[in-house]
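This report concerns only the one structure given below.
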Amino acid sequence: MRGYHDIGGDTAGEIPQQELPWLHWEKQTEAIRNLLGDGTRRIISLDEMRRGFESFGAEKYGKHSFYRRRLESMIDILIEKGVISSRELEHAVKEKKRVWDENSKAGIE
Amino acid sequence: MTKGNDHDHDHHDHDHSEVEHEALVIEDDVGNIEGQIMIDALQSVLISRGLLTAPEVTKEIQQLESPGIHLGAKVVVKAWTDPGYKARLLSNGKSAIQEIGISVGEAQIVVVENTPTVHNLITCTLCSCYPRSILGQPPSWYISKAYRARTVREPRKVLEEFGVTLSKEIQLIVHDSNADMRYLVLPEPPANLSAMDATKLEATIGRDDLIGVSR
Amino acid sequence: MSRQDGCRFKVNDCVEILDLGKAGHVRIPFYVRGKIGLIIQYCGRYLNPEDLAVGKTSGPTIDLYRVQFNHSELWGVSENLSQDRLVIEIYDHWLKPIEKIVEES
């Protein structure tokens, strides 16, 4: 059995060498995963998170950036374990988006 | 290198020989905004469930931002200038690094030494394992599918892309960082080692030296 | 790290990497399965990532070794030089002892 993430030895093109910034949401994703995995919480381990993105399916794995994969995996595992519900998360996303859109509009005016 | 390159194979048995991996998926502005909204939403749910607090997240972000190449450079220069330390570093990387006041979160650090006849190169084919608690975040190319796929199979060609041509007399050792160990390359010291103080020496060491894509 | 009591392997042992055909999260990549290499270092005992991935944290711990391969063993004819090597970490249950035929120089 070979996972789609198990790519050692595969053909690939040139290695993209441009330097990319490490964005705030990406740091926040790492920070939250670290906290959820720490000794006081032990809610998501690194291996659970890896299992998460190894279970997405090849298409989802292929289309998302590295940190987005980690974020999506964390969400999947948290929902799987019943730590959060997809409904409460959807509600929170909607709310955050509403605020974002409002702030963007306010910025333009 | 834009988002959303769907591979055109949809059978379950991934025929790897036909798949050319997109080198690196980078989020565009929409993706980054989505990422920010999603993580903010997740954070608010976790806070409302009493699992985290916002100050904890802020503090953890600061912790993540603080390690960097300067710490790796300190370790290297100490090894260059103190043979006893170098021996301890090569024998037990984590304890030697902690000895100089750098905290190490990983299970163990294996320090691999470059010599006139040996060059070391580090990779993680399965994901992106890297000694983050010492060096900070890995560069994008390290986590790209192109680097992960090719380093274990054609490392000399990969090094050529980074401008390194290894002579035939040199043995190239690639380390796939797949389990609990994390790796740091100990580059060769400069010829004029004794002419420089520690600060100047540390300034000569870059991230690429510690991963092995420069020599 | 020094070898502990109960370690099945020591440095310079020849081993074959098994293909356990396991589904789910494993840390042994496809490209080394079925290949023969040499133990070069003992790393210690660690919890099995295959268990950790499904939330099982109570153990047992597994011996972890660094195993070295020739590129010709991994890729057949390749452009890599004969002295070049690949080293990777393998957990004990993925290893099978092999009678050494040729001395590693």
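No lab work stands behind these numbers, since they all come straight from the coordinates. None of these values were measured; they are calculated from a predicted model. Cβ sites come from the backbone with ideal geometry, for glycine too, and all protein chains shown count toward neighbours.
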**Prompt:** Classify region B:101-215: rounded, prolate or oblate, from the alpha-carbon gyration tensor (a ≥ b ≥ c, eigenvalue square roots; a/c under 1.5 rounded; otherwise prolate if a/b is larger than b/c)?
**Reply:** oblate
**Complete:** Check: C-alpha center region A:71-93 vs C-alpha center region A:5-38, spacing in Å is 21 Å
**Prompt:** Which Cys residues of the protein assembly as shown have no other Cys beta carbon under 4.7 Å away?
**Reply:** B:Cys127, C:Cys7, C:Cys14, C:Cys43
**Asked** Where in chain B are the helices, taken as whole DSSP H runs, whose Cα atoms extend 27 angstrom or more along the long axis and whose Kyte-Doolittle mean reaches at least -0.5?
**Response** B:29-48
**Complete:** Applied in sequence order to region A:4-19, the curve 6.51 cos²θ - 1.76 cosθ + 1.60 (Karplus, θ = phi - 60°) yields integer Hz couplings, x standing for Gly and Pro, of 6, 8, 8, 10, x, x, 6, 6, 7, x, 4, 7, x, 9, 6, 7
**Prompt:** For labels at C:Met1 and B:Thr117 in the simple 7 Å Cα→Cβ model, what's the distance in nm?
**Reply:** 3.1 nm
**Message:** Through the Karplus equation 6.51 cos²θ - 1.76 cosθ + 1.60, θ set to phi - 60°, convert the phi angles of region B:154-171 into ³J(HN,Hα) values in whole Hz; use x for Gly and Pro.
**Reply:** 9, x, 5, 5, 4, 5, 4, 4, 8, x, 10, 10, 8, 6, 5, 7, 8, 8
**Fill in**
Counting only residues 5 or more apart in sequence or on a different chain, those whose built amide H sits under 5 Å from that of B:Leu172 are B:His119, C:Asp84, C:Arg85
**Message:** Ignoring everything except DSSP H segments at least 4 long, calculate the 222 nm mean residue ellipticity for chain B; use -39,500 (n - 2.57) per segment, divide by total residues, nearest 500.
**Reply:** -12000 deg cm²/dmol
**Fill in**
Long-range amide H partners of A:Leu20, meaning residues 5 or more apart or on another chain whose placed amide H is closer than 5 Å, are B:Ser140
**Asked** In terms of modelled amide H atoms, which long-range or inter-chain residues lie less than 5 Å from the amide H of B:Val110?
**Response** B:Arg182, B:Tyr183, B:Leu184
**Request:** Just check region C:1-74 against the gyration tensor rule for me: Cα atoms, a ≥ b ≥ c as the square roots of the eigenvalues, rounded for a/c under 1.5, and otherwise prolate or oblate depending on whether a/b exceeds b/c.
**Result:** oblate
**Asked** Where both partners of a DSSP beta bridge lie in chain B, what percent of those bridges are antiparallel, to the nearest 5?
**Response** 10 percent
**Request:** Give the peptides C:15-27, B:109-121 in descending order of average Cβ contacts within 10 Å, highest first.
**Result:** B:109-121, C:15-27
**Fill in**
In whole angstrom, the spacing between the Cα centers of region C:1-42 and region B:142-215 equals 25 Å
**Request:** Could you work out the local net charge near B:Gly93, counting Lys and Arg as +1, Asp and Glu as -1, over the other residues with Cβ closer than 10 Å to its Cβ?
**Result:** +2
**Prompt:** Cα gyration tensor of chain A, axes a ≥ b ≥ c as square roots of the eigenvalues: rounded (a/c below 1.5), prolate (a/b > b/c) or oblate?
**Reply:** oblate
**Around B:Gly72: net Lys/Arg minus Asp/Glu count, Cβ-Cβ under 12 Å** = +2
**Complete:** So, over other residues within a Cβ distance under 13 Å of B:Ala179, counting Lys, Arg +1 and Asp, Glu -1, the net charge is -3
**Asked** Which value in nm describes the separation of the simple spin-label points at C:Glu73 and A:Lys105, placed 7 Å from the Cα toward the beta carbon?
**Response** 6.6 nm
**Asked** Just counting partner chain Cβ atoms within 10 Å, what average do the residues of peptide B:55-66 show around their Cβ?
**Response** 4
**Asked** Computed FRET efficiency, Cβ-Cβ of A:Glu88 and B:Ile33, R0 22 Å: what is it to the nearest 0.05?
**Response** 0.55
**Fill in**
Nearest-0.05 FRET efficiency for A:Glu95 and B:Gln98 at R0 = 35 Å, using Cβ-Cβ distance, is 0.20
